Amino acid sequence: MIKYIIRRLLLVVPTLWGVFTVLFILAFLMPGDPLRAVLGEQYHRLDPEVIEEAREALGLNDPFHVRYIRFLGDMLTFDLGVSQIHNETVADIIGYRFPRTIQLMAGGMLVSLLIGIPAGIVSAEKQYTWIDHALMIFSLIGVSMPVFWQALLAQLVLTQDPFPIFPVAGYEEGAIRFMILPSLVLGTRLAATLARVTRSSMLEVKHEPYIVTAHAKGLRYRAVLLRHQLRNALIPVITVIGLDIGYLLGGSLVTETVFNWPGLGRAIVPAIQRRDTPVILGILVFGSFLFIIINLITDLIYAIVNPRIRYT
């Protein structure tokens with residue numbers, strides 16, 4: 001197990017370097033003038049000498065390789081820079097908003113697990129019945145519907161008369177009633193994906209010899225279903241959960257904007273509009289790092305669920 005962990009850890013460093021390099025190149029090639037975005041209308045009122053001094057101070061006149069080396073050095077010291085608009089460190093912005101994004105992602109993940117896996121199990125056990133067809137139709141609708149459209153539809157149906165169940169938007173210090181609707185929106189699509197993958201995995205192992213043997217030994221139906229069939233069908237499900245953490249992070253950006261939730265999405269969208277490169281790059285770097293770490297944890301869970309993976 002230790003050797004398996006070391007092998008996976010050795011892959012993290014080159015992966016991070018590659019991701020950080022791609023993000024820096026994309027940020028460097030972004031159209032527009034960052035200084036013009038920072039100064040706004042004052043850009044045309046200042047003397048050219050003052051503007052040139054500001055460019056030198058911000059390092060905008062440095063060649064690509066100098067800015068790239070400086071960026072990698074900042075990453076090694078965990079220095080994400082300072083917002084050009086708010087004059088606040090990017091680390092402080094992430095530190096304030098990330099817990100709120102995690103809160104929303106946790107709600108979405110809980111919804112997806114509570115709906116997706118049981119729906120997939122029921123659909124597999126009721127294969128080709130009307131229950132199976134109905135669940136798969138709903139899952140297809142859930143996968144096909146964009147997050148922003150689902151959020152707007154949920155606001156229209158569940159926050160207005162005659163069903164004013166939830167508040168339209170807001171945070172209110174993380175009150176549960178403000179969290180339920182965005183969590184449902186965020187978790188529904190992942191629940192649909194989990195239901196389809198769980199159904200497929202359960203059907204693949206349903207007629208395996210060890211399942212037939214377990215039934216022949218007289219084990220209880222529920223014990224065979226949960227201890228043998230579901231456990232051996234979990235690998236693809238875990239894969240989907242690990243990969244969809246990235247979807248939850250990206251989907252939360254849209255959901256936060258629609259529901260006025262003060263997470264990372266409410267920070268990066270205005271930063272893109274105002275060309276605040278340090279905030280854009282800092283949040284993307286942090287999100288990439290988080291996604292890579294989550295995939296590493298997913299690999300370790302593989303080894304726990306199926307010990308044979310440790311030796312591959």
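For the chain, what does -39500 (n - 2.57) per DSSP helix run (n ≥ 4), summed and divided by total residues, give at 222 nm, in deg cm²/dmol to the nearest 500?
Numbers: 12 runs with 223 residues, N = 312.
When only DSSP H runs of four or more count, the value is -24500 deg cm²/dmol.
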**the stretch 134-229: radius of gyration and largest Cα-Cα distance (Dmax), Å** = 19.6, 56
**Asked** For the stretch 189-216 and the stretch 113-186, what is the separation of their C-alpha centers, rounded to whole Å?
**Response** 23
**Message:** Under a crude label model (7 Å from the Cα following the beta-carbon direction), how far is VAL143 from LYS126 in nanometres?
**Reply:** 2.0
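Determine the dipole magnitude for the chain: charges of +1 sit on the beta-carbon of Lys and Arg, -1 on that of Asp and Glu, nothing else is charged, the reference point is the Cα centre, and the result goes in debye to the nearest 20. Walk me through the numbers before you get to the answer.
Numbers: 26 positive and 23 negative charges, 403 e Å.
Magnitude of the dipole: close to 1940 debye.
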**Asked** Against the longest principal axis of the chain, how steep is helix 130-144, in degrees 0 to 90 to the nearest 10, with axes from Cα atoms?
**Response** 10
**Prompt:** When each pair of different Cα atoms in the stretch 185-312 is counted once in the 1/r mean, what is the Kirkwood radius in angstroms, to one decimal?
**Reply:** 17.4
**Prompt:** Cα axis of helix 176-206 to longest principal axis of the chain: angle in degrees, 0 to 90, nearest 10?
**Reply:** 50
**Message:** What distance in nm separates the two pseudo spin-label positions at ALA134 and ILE293, each 7 Å out from Cα along the beta-carbon direction?
**Reply:** 4.3
**Asked** Contour minus end-to-end for ARG227 and MET75, with contour as 0.36 nm per residue of separation and end-to-end as the Cα-Cα distance?
**Response** 50.3 nm
**Prompt:** If you take the beta carbon distance between LEU203 and PHE163 as r and set R0 to 30 Å, what does 1/(1 + (r/R0)^6) give as a FRET efficiency, to the nearest 0.05?
**Reply:** 0.25
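Ratio of the chain's C-alpha Rg to 2.2 N^0.38 Å, to two decimals?
Values: Rg = 24.1 Å, N = 312, 2.2 N^0.38 = 19.5 Å.
In units of the globular-protein estimate, the chain measures up at 1.23.
Based only on other Cβ atoms within 10 Å, what is the fewest-to-most ordering of HIS215, HIS65? Don't jump to the answer; show the numbers that get you there.
Values: HIS215 12, HIS65 8.
By the 10 Å Cβ count, ascending, the order reads HIS65, HIS215.
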**Asked** Using alpha carbons only, what's the Rg to Rh ratio of the stretch 102-263 with Rh from Kirkwood?
**Response** 1.07
**Prompt:** Where does helix 277-305 land angle-wise versus the long Cα axis of the chain, in degrees 0 to 90, nearest 10?
**Reply:** 20
**Item:** Burial ranking of peptide ranges 138-145, 51-58 (average Cβ count within 10 Å, highest at the top)
**Value:** 138-145, 51-58
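Could you compute the FRET efficiency for ALA91 and ALA175, with r as their C-beta to C-beta distance and R0 at 25 Å, rounded to 0.05?
On the way: r = 27 Å, r/R0 = 1.09.
Step by step, r from the Cβ atoms, then E = 0.40.
What percent do you get for the relative contact order of the chain when only Cα pairs under 8 Å and 6+ apart count?
Once normalised by length, the contact order is 27 percent.
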**Prompt:** Picking from GLY142, PRO63, ILE93, whose Cα lies most toward the positive end of the charge dipole for the stretch 39-177 (charges on Cβ: Lys, Arg +1; Asp, Glu -1)?
**Reply:** GLY142
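Where a number appears in this text, it was derived from the coordinates with a stated rule and is not lab data. Just so it is clear, the model here is predicted, and its values are computed rather than measured. Positions of Cβ are backbone-derived with ideal geometry, glycine not excepted, and every protein chain shown enters the neighbour counts.
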